[in-house]
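For reference, the structure discussed in these notes is given below.
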Amino acid sequence: LAKTTQPISMDSYEGQEVNITCSHNNIATNDYITWYQQFPSQGPRFIIQGYKTKVTNEVASLFIPADRKSSTLSLPRVSLSDTAVYYCLVGDTSYKLIFGSGTRLLVRP
Amino acid sequence: DSGVTQTPKHLITATGQRVTLRCSPRSGDLSVYWYQQSLDQGLQFLIQYYNGEERAKGNILERFSAQQFPDLHSELNLSSLELGDSALYFCASSGGQAKFTGELFFGEGSRLTVL
């Protein structure tokens, strides 16, 4: 089961691009990489998922290098409402979906 | 609204007591997951069920148990409660395929306070 490592916290300012990197050195061939966002006292919410290269949706991009040992969540032009905890999740099946400790992002005005 | 319903939203009880938390997954989802989140902590995986069968177990205490019923709702039973069991308990559900589809849908959680 792939273990993930993320920075504990990050600070940014409104309008900036934020990149959060997750390390997953022992990722398996079938593992997908998924990112979640969590606000205080709420359940996590799915942001984006990828397997390799780059994935983009309306809220974020996910960059995965060829060796897949890390991934970077990119949030373009963050706003105050993006202040939250961001979790990287690695898994290949629906078994034991274990969240890492997450990255606490603070967006300042 | 994720479509996952958890009850009760809040629960206050005393040490030594037993409580049951209930989760109704999204319509059509066969997998149910339970997570515990203590204050300012990460999400700790407890247990997962798939179509009524236990599929994976995390660091779930022996005082805790869970089950998934034929109608796919799930219950998490916490007994001999201790102060340290105070936490938010989240239920999540996902689709029926064996292959990880990528998205877990979380309920709003049940906040348990043990006094």
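For the stretch B:10-102, which fully contained strands (runs of 3 or more DSSP E) count at least 2 residues that are under 14 Å from the mean Cα position of the chain (by Cα) and of a type in the set (S, T, N, Q)?
Working: elements: B:10-13, B:19-24, B:31-37, B:44-50, B:53-57, B:64-68, B:74-78, B:87-94.
Qualifying strands (runs of 3 or more DSSP E): B:19-24, B:31-37, B:44-50, B:64-68, B:74-78, B:87-94.
For (1) within 14 Å of another protein chain (Cβ to nearest Cβ); (2) within 28 Å of B:CYS23 (Cβ to Cβ); (3) not in a strand (DSSP E or B), each residue gets a yes or a no:
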| residue | (1), (2), (3) |
| --- | --- |
| A:THR29 | yes, no, yes |
| A:THR34 | yes, yes, no |
| A:GLU58 | no, no, yes |
| A:LEU62 | yes, no, no |
| A:SER71 | yes, no, no |
| A:SER74 | no, no, no |
| A:TYR87 | yes, yes, no |
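Just checking, how many residues over the stretch A:43-77 are of a type in the set (S, T, N, Q) and touching a Cys at 6+ places or on another chain (Cβ under 9 Å)?
Filtering the stretch A:43-77 down to residues of a type in the set (S, T, N, Q) leaves A:49, A:53, A:56-57, A:61, A:70-72, A:74.
Pick out the ones that are also touching a Cys at 6+ places or on another chain (Cβ under 9 Å) and you get A:70-72.
Summing the residues that are of a type in the set (S, T, N, Q) and touching a Cys at 6+ places or on another chain (Cβ under 9 Å) in the stretch A:43-77 gives 3.
Run B:ALA56 past the list (1) at the interface with another protein chain (Cβ under 8 Å from one of its Cβ atoms); (2) closer than 26 Å to A:ASN30 by Cα; (3) buried (at least 20 other Cβ atoms within 10 Å of the Cβ) and report the number of the one that doesn't hold.
Checking B:ALA56 against (1) at the interface with another protein chain (Cβ under 8 Å from one of its Cβ atoms); (2) closer than 26 Å to A:ASN30 by Cα; (3) buried (at least 20 other Cβ atoms within 10 Å of the Cβ), the one that fails is (3).
Take B:LEU112 and tell me if it is among the hydrophobic types (A, V, I, L, M, F, W, C), in contact (Cβ under 8 Å) with a residue 40 or more places away in the chain and surrounded by 17 or more Cβ atoms within 10 Å (Cβ to Cβ). Before you say what the answer is, go through the steps one by one.
On the way: among the hydrophobic types (A, V, I, L, M, F, W, C): yes; in contact (Cβ under 8 Å) with a residue 40 or more places away in the chain: yes; surrounded by 17 or more Cβ atoms within 10 Å (Cβ to Cβ): yes.
So B:LEU112 fits the description; yes.
Given the condition free of Cβ contacts under 8 Å to residues at least 12 places away in the same chain, of a type outside the set (Lys, Arg) and touching a Leu at 6+ places or on another chain (Cβ under 7 Å), answer yes or no: does some residue in the stretch A:42-61 qualify?
Yes, the stretch A:42-61 has at least one match.
Kindly evaluate B:GLU82 against the criterion of being within 14 Å of another protein chain (Cβ to nearest Cβ), surrounded by fewer than 13 Cβ atoms within 10 Å (Cβ to Cβ), of a type in the set (Asp, Glu) and farther than 18 Å from A:GLN42 by Cβ.
No; evaluated as a whole, the condition is false for this residue.
Which of the residues spanning the stretch B:13-28 are in contact (Cβ under 8 Å) with a residue 40 or more places away in the chain and closer than 17 Å to B:GLU108 by Cα? Walk me through it before giving the result.
To start, the set of residues in the stretch B:13-28 that are in contact (Cβ under 8 Å) with a residue 40 or more places away in the chain comprises B:13-26, B:28.
Answer for the stretch B:13-28, where residues must be in contact (Cβ under 8 Å) with a residue 40 or more places away in the chain and closer than 17 Å to B:GLU108 by Cα: B:THR20, B:LEU21, B:ARG22, B:CYS23, B:SER24, B:PRO25, B:ARG26.
If I go through the stretch B:89-108 residue by residue, how many of them are at pLDDT 90 or above, buried (at least 22 other Cβ atoms within 10 Å of the Cβ) and at the interface with chain A (Cβ under 8 Å from one of its Cβ atoms)?
In the first step, residues of the stretch B:89-108 are kept if they are at pLDDT 90 or above; the result is B:89-93, B:105-108.
Okay, now just the ones that are also buried (at least 22 other Cβ atoms within 10 Å of the Cβ), so B:89-93, B:106-107.
When the remaining residues are screened for being at the interface with chain A (Cβ under 8 Å from one of its Cβ atoms), the result is B:90, B:92, B:106-107.
Result for the stretch B:89-108: 4.
Taking the stretch A:36-56 only, how many residues are hydroxyl-bearing (Ser, Thr, Tyr), surrounded by fewer than 20 Cβ atoms within 10 Å (Cβ to Cβ) and either part of a strand (DSSP E or B) or under 11 Å from the mean Cα position of the chain (by Cα) (or both)?
The total comes to 2.
If I filter the stretch A:1-27 down to residues being aliphatic (A, V, I, L, M) and part of a strand (DSSP E or B), which single residue comes out as surrounded by the fewest Cβ atoms within 10 Å (Cβ to Cβ)?
Checked the stretch A:1-27; the qualifying residue surrounded by the fewest Cβ atoms within 10 Å (Cβ to Cβ) is A:MET10.
I'd like to verify a number: residues in the stretch A:70-91 that are within 23 Å of B:ASP40 (Cα to Cα) and either at pLDDT below 95 or aromatic (Phe, Trp, Tyr) (or both), how many?
Result for the stretch A:70-91: 5.
The values are calculated or read from the model by the stated rules, or taken from the named source; none is laboratory data. Here the structure is a predicted model, which is why all the values come from computation and not from measurement. For neighbour counting, all protein chains shown are included, and Cβ atoms are generated from backbone atoms with ideal geometry for every residue, glycine included.
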